[in-house]
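The values are calculated or read from the model by the stated rules, or taken from the named source; none is laboratory data. Just so it is clear, the model here is predicted, and its values are computed rather than measured. In this analysis, Cβ positions are derived from the backbone assuming ideal geometry, glycine residues included, and neighbour counts consider all displayed protein chains. Keep in mind that these areas ignore ligands, DNA and RNA; they rest on the heavy atoms of the full protein, side chains included. Shrake-Rupley method; radii C 1.70, N 1.55, O 1.52, S 1.80 Å.
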Amino acid sequence: MTALNEALGDITVGAAPSDWRAAITLAGDGLVRGGFTTDEYTEQMISAIEELGPYIVIAPGFALAHSRPSEAVLGTGLSWVQLAQPVEFGSANDPVDLIVGLAAKDHDGHIAIMSQLAGILASPEHMQSLKAADSESRVREIITSIENGIT
């Protein structure tokens, strides 16, 4: 299993948050369910966006929800939230319909995971397939296929 597969914990498909805060809360809840963070980390992610703006919206339709390593991070991992209805963050890359939550125990331990994720998300075809996935198992299947060069 690759680093990305090992790090990908909770996956939510078809979520309908009312706004960006609710969307970030879903990503944070996924990190908590995956055993990567405490609820405090979710609050830290929201606070960072309130203070710094929508810096986490790093590509059209895609947000990488994260905050600094802290005591609220129990381990390095990812959550995945695909939205049924996009939300606005106030970014040039709005609206967002895919959020990946990232918890990093330190400043370097997540680099391999992020490199793999970036490689997958850089492809418009892969992004379209992942955004259209209708179940957790389908998201995992697509990611595994991409990583194994099957697509």
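Yes/no per residue for (1) free of Cβ contacts under 8 Å to residues at least 24 places away in the same chain; (2) under 16 Å from residue 131 (Cβ atoms):
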{"residue": "5", "(1), (2)": "no, no"}
{"residue": "13", "(1), (2)": "no, yes"}
{"residue": "16", "(1), (2)": "no, yes"}
{"residue": "30", "(1), (2)": "no, no"}
{"residue": "35", "(1), (2)": "no, no"}
{"residue": "52", "(1), (2)": "yes, no"}
{"residue": "67", "(1), (2)": "no, no"}
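Residues that are assigned to a loop (DSSP other than H, G, I, E, B), open to solvent by 50 Å² or more (accessible area, probe 1.4 Å) and closer than 19 Å to residue 23 by Cα occur at least once in the stretch 132-147.
Using the structure shown, decide if residue 125 is without any contact (Cβ under 8 Å) to a residue 12 or more places away in the chain and not in a strand (DSSP E or B). No, not satisfied. When residue 72 is tested against (1) over 21 Å from residue 127 (Cβ atoms); (2) free of Cβ contacts under 8 Å to residues at least 24 places away in the same chain, exactly one condition is not met: (2). Taking the stretch 23-43 as the search range and keeping residues that are open to solvent by 30 Å² or more (accessible area, probe 1.4 Å) and not in a helix (DSSP H, G or I), which one is nearest to residue 99 (Cα to Cα)? Checking each candidate, the answer is 34. For the stretch 1-21, a tally of residues being small (Gly, Ala, Ser) and either within 13 Å of the chain's Cα centre (by Cα) or open to solvent by less than 30 Å² (accessible area, probe 1.4 Å) (or both) returns 3. Do we find that residue 85 is open to solvent by 30 Å² or more (accessible area, probe 1.4 Å) and part of a strand (DSSP E or B) in this structure? Here the answer is yes, as residue 85 does meet what is asked.
Would you check if there is a residue in the stretch 52-69 being out of contact with any strand residue (DSSP E or B) (no Cβ under 7 Å at 6 or more places or on another chain), within 23 Å of residue 21 (Cα to Cα), assigned to a helix (DSSP H, G or I) and open to solvent by 50 Å² or more (accessible area, probe 1.4 Å)? Yes, there is a match, as at least one residue in the stretch 52-69 is out of contact with any strand residue (DSSP E or B) (no Cβ under 7 Å at 6 or more places or on another chain), within 23 Å of residue 21 (Cα to Cα), assigned to a helix (DSSP H, G or I) and open to solvent by 50 Å² or more (accessible area, probe 1.4 Å). Would you mind stating whether residue 90 is on the phi > 0 side of the Ramachandran plot and either among the hydroxyl-bearing types (Ser, Thr, Tyr) or open to solvent by 50 Å² or more (accessible area, probe 1.4 Å) (or both)? Against the criterion (on the phi > 0 side of the Ramachandran plot and either among the hydroxyl-bearing types (Ser, Thr, Tyr) or open to solvent by 50 Å² or more (accessible area, probe 1.4 Å) (or both)), residue 90 qualifies.
Set side by side, the residues 99, 58, 142 differ, and just one is out of contact with any Gly (no Cβ under 7 Å at 6 or more places or on another chain) and farther than 18 Å from residue 11 by Cα, which is 58. Just to verify a result, which residue in the stretch 98-118, among those that are open to solvent by 40 Å² or more (accessible area, probe 1.4 Å) and of a type outside the set (A, V, I, L, M, F, W, C), is modelled with the highest pLDDT? Filtering first and then ranking leaves 105.
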